Amino acid sequence: MRKLRVWLLRLWAQFGRDLPEKEFAEEIETHLQMQIEDNLRSGMDPKQARREALVKSGGMEVTMQAYRDGNSLSLVETLSQDLRYTIRQLRKNPGFAVTAILVLTLGIGATVSIFSFADAALIKPLPYREPSRLVVIFGTIPLGSRFHLSFPDYYDLKKLNKVFTSFEVYDSNGFMLSTPDGGQLAPGGRVSAGFFRTLGVTPILGRDFLPGEDKPSASRTVILSYAAWQSRYGKRADVLGQTVTLDGHLNTVIGVLPPEFHFAPAAPADFWAAEHDESSCRACHWLFGLARLKDGVSIQTAQAEMTTIARQLATQYPDSNRDQGEAVVGLPEVIVGDIRPIILVLLGGAALLLLIAIVNVASLLLVRTESRKREIAVRGVLGASRRRLFRQFVTEGMVLAASASAIGLAAADGAMHLLTRLIPTDTLAGMPYLQGLGLTPRVLAFTLAISLCSAVVFSLTPIVSMSREEMRAGLTEGGRAASGTVWHKFGANLVVIELAMAVVLLVGAGLLGKSFYRLLQVDPGLEPTNLATIQLSTPRANYSKDPQIIALEQQILDRVSALPGVTSAALTNKLPVGDGDFTTSFQIVGRPNHGEDNEVAYRLVSTDYFHTLKTRLLEGRYFNANEDATKPHVILINRALARQYFPGERAVGIFLNYDGAPPESAMQVVGVIDDLREGPLDTPARAAIYAPSDQHPISSFSVVARTSVDAQSLLPTLTATIHQIDPGIAAFGASTMQERIRDSPPAYLHRASAWLVGSFAALALLLSVVGLYGVIAYSVSQRTREIGVRMALGAQRGMVYRLVLQQASGLIAVGIVIGLVGSFAASALMRSLLFATAAWDVFTLAAVSAVLGISAILASYLPARRAASVNPLEALRAE
Amino acid sequence: MGENDVWQGTMALMVLKTIESMGPLHGYGIARRIEQISGDRLVVQYGTLYPALLRLEQEGYISSEWGVSDNNRRARFYKLTRAGRRQVGKESQRWEKANAILARFVSPGEEAL
């Protein structure tokens with residue numbers, strides 16, 4: 001108790017300590033004066049009285065020091081002394097301090113930001129009860145193993161299995177939500193009644209679906225996600241009992257899910273409705289299964305059981321169930337299975353960078369210790385204990401590690417958000433667990449751990465390099481220790497590896513960057529500037545007949561083209577630069593067919609489509625305004641189709657017909673256009689057929705508008721106009737054609753990987769350059785005497801430069817050569833990522849070598865200059 | 001072990017005892033009083049006295065305040081706290097006990113012979 005009191009008082013005395021000391025000085029002064037007075041009284045003369053008093057009472061300064069010691073905590077005291085000294089040292093040598101902290105900050109920042117992804121996706125437990133016991137059941141067909149189940153199959157699997165405690169289904173198809181402003185697509189899913197109970201999730205407001213609430217006869221109910229409750233209902237408690245119209249049905253809101261809930265396989269999801277469709281169609285697959293394993297049942301056992309039942313069903317219903325099976329996959333695997341290897345690879349890369357950063361800073365510290373040998377020796381001789389000196393090194397190591405960690409943490413926080421921006425919006429929405437991304441306690445603990453590790457390395461480096469003998473030797477001779485040579489060799493090898501790694505990464509980044517550039521240069525077959533697009537989905541109830549649809553389309557075209565700033569407008573069933581889906585197979589009329597499947601992209605477009613997109617007509621004509629169902633069927637084809645099916649002949653005039661269609665539906669080719677990219681830009685243009693939409697009306701389509709103003713500014717007007725015509729139409733995905741191209745999956749992929757590899761490459765470049773600097777500077781510091789002797793013997797400064805730079809360029813050359821060889825291997829591995837760029841792209845290779853070579857030479861120029869400015873007299877006298 | 005070390009160990013008790021018998025007293029007074037009691041066989045230096053005072057104050061056995069001495073000097077006066085009074089009793093007893101035990105070794109009685 002008393003001890004604690006003493007300790008607290010001493011701690012308190014650390015602050016504002018001037019006053020007690022002044023008072024104490026006064027107290028002692030009084031003491032002295034009283035002694036002098038007594039001495040005078042006993043008959044001494046003033047001078048003698050004073051001397052006697054001083055002798056008797058002991059040294060004033062010593063007492064002051066004893067008092068100070070008694071009134072302070074020696075640890076805190078020396079720590080703050082060490083800290084002050086460290087900061088003074090670092091400020092004296094800002095180049096070292098900035099470089100070391102910067103390098104370490106980058107290493108720590110990169111590692112921490114990648115770790116935070118690992119934390120959010122892989123470490124943080126999923127928000128379900130015992131997530132490892134949950135499995136997803138997919139349908140398997142010969143094409144693959146992650147397909148849907150049909151309702152009757154689900155029903156049988158649920159009834160016959162003995163491995164699941166519960167077996168539910170979900171779909172993630174979303175809803176058409178009716179709002180006062182018109183129809184909107186709302187993300188969501190339909191689930192069987194026990195879905196949330198199986199997950200082990202309870203609504204925070206209201207109730208879960210009741211058993212039987214998913215029967216076709218039950219009244220329709222919906223549960224909101226927390227985010228939807230927040231954004232659509234302002235977190236109002238009276239949301240329960242309100243109704244919402246989904247897909248044209250009234251649904252009553254009965255509950256709100258917890259904020260931490262997410263379900264990636266159906267994400268993003270605002271609305272969770274009960275599945276009411278008990279279709280008896282065994283060939284209609286649209287559901288996924290979710291089940292909880294019984295205790296003691298493994299995934300393998302469950303899989304075997306599903307396979308047995310599937311075989312039974314296949315015998316029972318050969319028409320629909322032949323070659324059908326089920327795949328049982330753990331829910332965590334379904335959620336993070338795809339992203340896990342990516343995160344682990346990135347984490348490995350970041351850890352490697354961090355390791356190199358630490359070694360580099362250690363090497364810089366070594367250089368500094370060399371140049372401080374004398375100072376440290378002096379301190380040692382003047383009585384600084386070995387422990388005190390070591391504590392000084394430890395303090396320095398901790399200051400470096402701590403400041404780098406603090407800045408690194410801030411950098412990581414920024415980097416995290418930059419990294420999420422590299423993920424396409426849709427993909428990101430499918431990874432709801434990344435919402436937990438941030439500086440969580442786990443991430444902070446991880447940062448602390450790596451910070452401590454690096455502090456240990458930085459403390460030990462100078463301690464080990466500076467044995468007691470060397471400390472004394474430092475005063476007398478600048479002798480080279482054996483450890484110096486060992487370090488030099490290790491450091492040189494390390495730098496070669498770092499340089500090689502930087503080359504590989506830089507080449508990778510360069511090739512990906514060039515691919516991205518090339519991708520954006522691809523001719524999409526249209527004029528992308530000033531082109532606005534929007535996708536529409538019409539409610540089936542109001543537009544089920546062709547004339548209704550044609551009337552609506554005409555109205556939309558009229559209204560949109562009349563908008564100020566719009567020069568022309570058109571419709572298509574699917575916008576260009578998409579996934580290239582929506583296909584048909586055809587026969588050439590009058591030519592024999594050998595059973596081959598002529599599958600081509602199939603587009604239904606309005607008359608002005610080609611004018612609006614500004615495509616290029618190669619042959620024949622575009623559609624005429626009056627070409628509707630009453631006129632003969634006509635089509636346009638693209639160059640790819642013409643080249644594939646009619647090489648060397650005139651395609652215009654030839655008749656095509658759909659596979660298996662009656663002869664009267666045959667269509668005549670009236671024109672050939674240059675390839676309009678329907679599919680992704682990084683694959684060759686595929687054959688395509690264009691038919692007039694008036695001859696083949698469909699209920700969901702997209703509008704394109706050529707504008708005379710900035711297309712972006714027209715997007716809100718476009719949505720508003722559609723909803724003015726019919727609020728029931730869902731209008732979504734409004735974007736300009738340029739955005740579509742820029743945000744298309746291949747562009748995303750190339751841009752994201754170019755950025756990612758590019759940032760790693762920049763880090764690697766920086767680290768290798770700093771590493772090289774460290775090694776060269778160390779070797780220069782070791783050779784100061786040799787250089788001095790050489791210069792004393794008449795060597796010119798130019799020669800000293802050559803000496804140092806020769807050593808450096810040796811390392812650089814080896815590093816670059818190894819790196820170039822490595823990049824051949826690496827770019828061969830990523831050839832599939834490259835677009836219109838050779839893996840051995842000479843320009844990239846040359847540019848990388850030049851960038852790396854120049855920066856490396858610059859880094860070694862600094863120590864070379866220091867070597868050349870050695871004063872031979874001083875270098876020799878210093879011995 | 002120098003002679004001084006013995007006195008340092010017992011300085012706290014001597015200070016407490018002195019203040020107990022004399023009442024509030026300044027550092028110089030305490031030093032003089034201890035010297036006097038020891039028959040001038042002890043010389044109390046600042047370096048021994050003041051750290052001991054500081055420690056006792058930190059431990060809460062004495063408290064101090066500024067006052068004016070007999071010859072009109074500003075001086076810091078030390079007085080016993082309640083805990084200090086208890087501590088004087090405890091420490092004196094301990095000291096006597098230890099002394100008695102030690103005495104048996106230093107000048108052994110008849111029973112040991």
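Here are some notes:
- Within region A:404-422, tally of residues that are among the polar types (S, T, N, Q) and crowded, with 17+ Cβ neighbours inside 10 Å: 1
- Scanning region A:591-618 for residues that are part of a loop (DSSP other than H, G, I, E, B) and either in contact (Cβ under 8 Å) with a residue 12 or more places away in the chain or in contact with a helix residue (DSSP H, G or I) (Cβ under 6 Å, 6 or more places away or on another chain) (or both) returns A:ASP597, A:ASN598, A:SER606, A:THR607, A:ASP608, A:LYS614, A:THR615, A:ARG616.
- Taking every residue in region B:73-90 that is away from chain A (no Cβ under 12 Å) and touching a residue at least 24 places away in the same chain (Cβ under 8 Å) and pairing it with any residue that is assigned to a strand (DSSP E or B) and open to solvent by 30 Å² or more (accessible area, probe 1.4 Å), at least 6 positions away or on another chain, the pairs with Cβ-Cβ distances below 7 Å are B:LYS79/B:SER63.
- Within region B:40-50, considering residues that are surrounded by fewer than 19 Cβ atoms within 10 Å (Cβ to Cβ) and facing another protein chain (nearest Cβ under 8 Å), the one nearest to A:LEU8 (Cα to Cα): B:GLN45
- Test: residue in region A:154-170 that is out of contact with any strand residue (DSSP E or B) (no Cβ under 7 Å at 6 or more places or on another chain) and within 28 Å of A:LEU250 (Cα to Cα): yes
- Scanning region A:619-631 for residues that are without any contact (Cβ under 8 Å) to a residue 60 or more places away in the chain and in a strand (DSSP E or B) turns up at least one hit.
- Test result for B:GLU20, of a type in the set (Asp, Glu), surrounded by fewer than 18 Cβ atoms within 10 Å (Cβ to Cβ) and away from chain A (no Cβ under 14 Å): yes
- In summary, strands (runs of 3 or more DSSP E) completely within region A:192-297 and bearing 1 or more residues that are buried (at least 22 other Cβ atoms within 10 Å of the Cβ) and β-branched (Val, Ile, Thr) occur at A:221-224, A:243-246, A:249-256.
- B:TRP66 passes every criterion in (1) more than 9 Å from chain A (Cβ to nearest Cβ); (2) at pLDDT 85 or above apart from (1).
- Considered as a group, the residues in region A:56-69 that are facing chain B (nearest Cβ under 7 Å) and within 60 Å of the chain's Cα centre (by Cα) include one that is modelled with the lowest pLDDT, and that residue is A:ALA66.
Okay, residues lined up against (1) at the interface with chain B (Cβ under 7 Å from one of its Cβ atoms); (2) in a loop (DSSP other than H, G, I, E, B); (3) modelled with pLDDT of 80 or more:
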| residue | (1), (2), (3) |
| --- | --- |
| A:ARG5 | yes, no, no |
| A:LEU8 | no, no, no |
| A:LEU19 | no, no, no |
| A:ALA25 | no, no, yes |
| A:THR30 | yes, no, yes |
| A:GLN35 | yes, no, yes |
| A:MET44 | no, yes, yes |
| A:LEU54 | no, no, yes |
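- Region A:632-658, residues that are farther than 12 Å from A:VAL589 by Cβ, open to solvent by 30 Å² or more (accessible area, probe 1.4 Å) and assigned to a loop (DSSP other than H, G, I, E, B): A:PRO632, A:PRO647, A:GLY648, A:GLU649, A:ARG650, A:VAL652
- Options A:ALA562, A:ALA569; residue that is of a type in the set (Gly, Ala, Ser), buried (at least 18 other Cβ atoms within 10 Å of the Cβ) and farther than 25 Å from A:VAL652 by Cα: A:ALA569
The values are calculated or read from the model by the stated rules, or taken from the named source; none is laboratory data. Note that this is a predicted model, so its numbers are computed, not measured. Cβ atoms come from the backbone with ideal geometry, glycine included; neighbour counts cover every protein chain shown. With ligands, DNA and RNA removed, areas are computed over all heavy atoms of the protein, side chains included. Shrake-Rupley method; radii C 1.70, N 1.55, O 1.52, S 1.80 Å.
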